[in-house]
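Have a look at the structure below, then the notes.
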Amino acid sequence: MTDTTTRTHRLPQRRSLVTTLPGPRSTALAQRRAASVAAGVGSSAPVYAADADGGVIVDVDGNSLIDLGSGIAVTGVGASNPAVAAAIAEQAARFTHTCFMVTPYEGYVQVAEELAALTPGDHAKRSVLFNSGAEAVENAIKIARLATGRTAVVAFDHAYHGRTNLTMALTAKNMPYKSNFGPFAPEIYRMPMSYPFRDEAGLTGAEAARRAISRIETQIGADALAAIIIEPIQGEGGFIVPAPGFLAALAEWAKANGVVFIADEVQTGFARTGAWFACEHEGVVPDLITLAKGIAGGMPLAAVTGRAELLDAVHPGGLGGTYGGNPVACAAALASIGQMKELDLIGRAREIENLALPVLRELAAETDVIGDVRGRGAMLAIELVRPGAAEPDPALTKAVAAAALAHGVIVLTCGTFGNVIRLLPPLVIGDDLLLDGLSVIADAIRTLTRINGPAGFTDRPIPRSA
Ligand SMILES: *Cc1c(COP(=O)(O)O)cnc(C)c1O
């Protein structure tokens, strides 16, 4: 696969630095940005993109960086996938917008057909399309409340569901997502998550589900509860993979109590975890599934897909939006899904897991600052802790990401405690580039924790292009 993907890429698939980072052009852009862009918008890497392809992002100074973030799990098929780019250009040349609520078009219907076919369960399904993950989550809650006639919603510790008012309320973490942005939407109840690394040792998925369910029953009451919303693998909260059986037990209880079970697969969806959707790993069939990020090769598109009787319960005109299911975004989604099938990116996500996990485990065995290595497919993480303890080390985490960037690797952090390095490479990244990226992260950890003495990075010089 490596050679095939590498050969078909437009840009050389290599890490090469021609300036220190950020380079002069990125620095100049940062100055213009400070005078024009709101300070509240952060950027994890201070380098400005000029081009991107396969596993690399080339910045405005000509540095070729390894992309281990995919723009937060979006560009699984690559950030300039030729099939996606062609579909976008072709649709844009015909029409960019009519508004599906005014003059509908086939692309929207085709995307809904694809989503019905790809999502778990063989029940009748309907879909509605939006622009962002948060908008999909908001609408899933609207649908669940209307269909059940109930108002309460359960979300979990460490959850991330977006930044709009309702989704801020569903999101667990205060800084930076919620702090001083309230008041928040009512009738949201937070329950304990299954977090194997931090739960008491040996707590099973079924026991963790029982812990949450007994609180739901005592604090809310099943007959007041419209929906349970959960990320099958939590994203921003720390790539937390719940103990086996946790999701299934929650889904089963929801079913028995007329509660809508919503899987928020905005980050985990579309081949990322080595399945079309992460709840498949647990044999769970959600009533509603929220989708965005990986759906359309970088174009803004989101969806709620689920049981026909839930979506069709909503009165005509009750769902929609001016841009939702934009025709260019739909064309990109269809091409993107086509690429996932054609390039077997589900298989590729599993290969990435098989390649990367042993490297991360080997590193973890070498040091006592890696508390946990976890994830599925191309959604992998290491949780950094104080030596030998479970106490989170966000400072080290930040330093590792900064050191990796300085050596040409874009890597994202996450976690309630800010102590998780997360890997979300484009699924089309080649083996060599991925391994080079991992070796940089390993060197960063070794150097910062002085496993190889204070020099660091000496065994692996930064490749520089001429
Ligand atoms: C990113 C994310 C969202 C929000 O999506 P936006 O497109 O940023 O609004 C919601 N849920 C999960 C699980 C996410 O990872």
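The values are calculated or read from the model by the stated rules, or taken from the named source; none is laboratory data. Nothing here was measured: the structure is a model prediction, and the numbers come from that model. No Cβ is skipped: glycine too gets one built from the backbone with ideal geometry, and neighbour counts run over all protein chains shown. The protein model used for the area step is the full one, side chains on, heavy atoms only, and it has no ligands, DNA or RNA in it. Shrake-Rupley method; radii C 1.70, N 1.55, O 1.52, S 1.80 Å.
Observations on the structure shown:
- The set of residues from the stretch 249-264 being within 11 Å of the ligand (Cβ to nearest atom) and farther than 16 Å from TYR189 by Cα comprises ALA263, ASP264.
- Neighbours by Cβ (under 7 Å, 6+ apart or cross-chain): first from the stretch 319-341, free of Cβ contacts under 8 Å to residues at least 60 places away in the same chain; second open to solvent by 20 Å² or more (accessible area, probe 1.4 Å) and not in a loop (DSSP other than H, G, I, E, B): none
- Matching option when the condition is away from the ligand (no atom under 13 Å from the Cβ) and either at negative phi or without any contact (Cβ under 8 Å) to a residue 60 or more places away in the chain (or both), among PHE181, PHE130: PHE181
- Within the stretch 114-123, one or more residues are within 16 Å of the ligand (Cβ to nearest atom) and under 21 Å from VAL266 (Cβ atoms).
- All positions within the stretch 99-139 that are within 22 Å of ILE228 (Cβ to Cβ), of a type in the set (A, V, I, L, M, F, W, C) and assigned to a helix (DSSP H, G or I): LEU115, ALA134, ALA136, VAL137
- From the options ALA243, ALA254, ALA278, residue that is under 20 Å from LYS125 (Cβ atoms), modelled with pLDDT of 95 or more and within 20 Å of the chain's Cα centre (by Cα): ALA278
- Any hit, the stretch 32-48, residues being within 16 Å of the ligand (Cβ to nearest atom), touching a strand residue (DSSP E or B) at 6+ places or on another chain (Cβ under 9 Å) and in the same structural domain as PRO426 (by TED's automatic domain parsing): yes
- Top-ranked residue of the stretch 265-293 - restricted to ones that are in a helix (DSSP H, G or I) and open to solvent by 10 Å² or more (accessible area, probe 1.4 Å), ranked as nearest to the ligand (Cβ to nearest atom): LYS293
- Condition broken by PHE246, with the remaining ones in (1) open to solvent by less than 10 Å² (accessible area, probe 1.4 Å); (2) within 16 Å of the ligand (Cβ to nearest atom) satisfied: (2)
- Test: residue in the stretch 375-385 that is open to solvent by 30 Å² or more (accessible area, probe 1.4 Å) and outside any strand (DSSP E or B): no
- Scanning the stretch 387-401 finds one or more residues that are among the basic types (Lys, Arg), surrounded by fewer than 21 Cβ atoms within 10 Å (Cβ to Cβ) and not assigned by TED's automatic domain parsing to the domain that holds ILE240.
Conditions (1) modelled with pLDDT under 95; (2) within 30 Å of GLU342 (Cβ to Cβ); (3) surrounded by 14 or more Cβ atoms within 10 Å (Cβ to Cβ); (4) under 23 Å from the mean Cα position of the chain (by Cα), marked per residue:
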position: PRO24; (1), (2), (3), (4): no, no, no, no
position: THR27; (1), (2), (3), (4): no, no, yes, no
position: ALA38; (1), (2), (3), (4): no, no, no, no
position: ILE72; (1), (2), (3), (4): no, yes, yes, yes
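- Against the list (1) more than 16 Å from the ligand (Cβ to nearest atom); (2) buried (at least 16 other Cβ atoms within 10 Å of the Cβ), the condition GLY162 fails is (1).
- Count of the stretch 215-243 residues which are touching a Phe, Trp or Tyr at 6+ places or on another chain (Cβ under 6 Å), open to solvent by 10 Å² or more (accessible area, probe 1.4 Å) and within 16 Å of the ligand (Cβ to nearest atom): 1
- Criterion (more than 16 Å from the ligand (Cβ to nearest atom), among the basic types (Lys, Arg) and not in a loop (DSSP other than H, G, I, E, B)) met by exactly one of ARG145, ARG150: ARG145
- Filtered residue count, the stretch 304-347, keeping only those that are in a loop (DSSP other than H, G, I, E, B) and under 19 Å from the mean Cα position of the chain (by Cα): 0
- Unmet criterion (only one of (1) in a helix (DSSP H, G or I); (2) touching a residue at least 60 places away in the same chain (Cβ under 8 Å); (3) surrounded by 24 or more Cβ atoms within 10 Å (Cβ to Cβ)) for ALA444: (2)
- Only listed residue being crowded, with 17+ Cβ neighbours inside 10 Å and not assigned by TED's automatic domain parsing to the domain that holds ILE410, chosen from ARG94, ARG14: ARG14
- Here ALA206 meets the list (1) of a type in the set (A, V, I, L, M); (2) assigned to a helix (DSSP H, G or I); (3) open to solvent by less than 30 Å² (accessible area, probe 1.4 Å) almost entirely, failing just condition (3).
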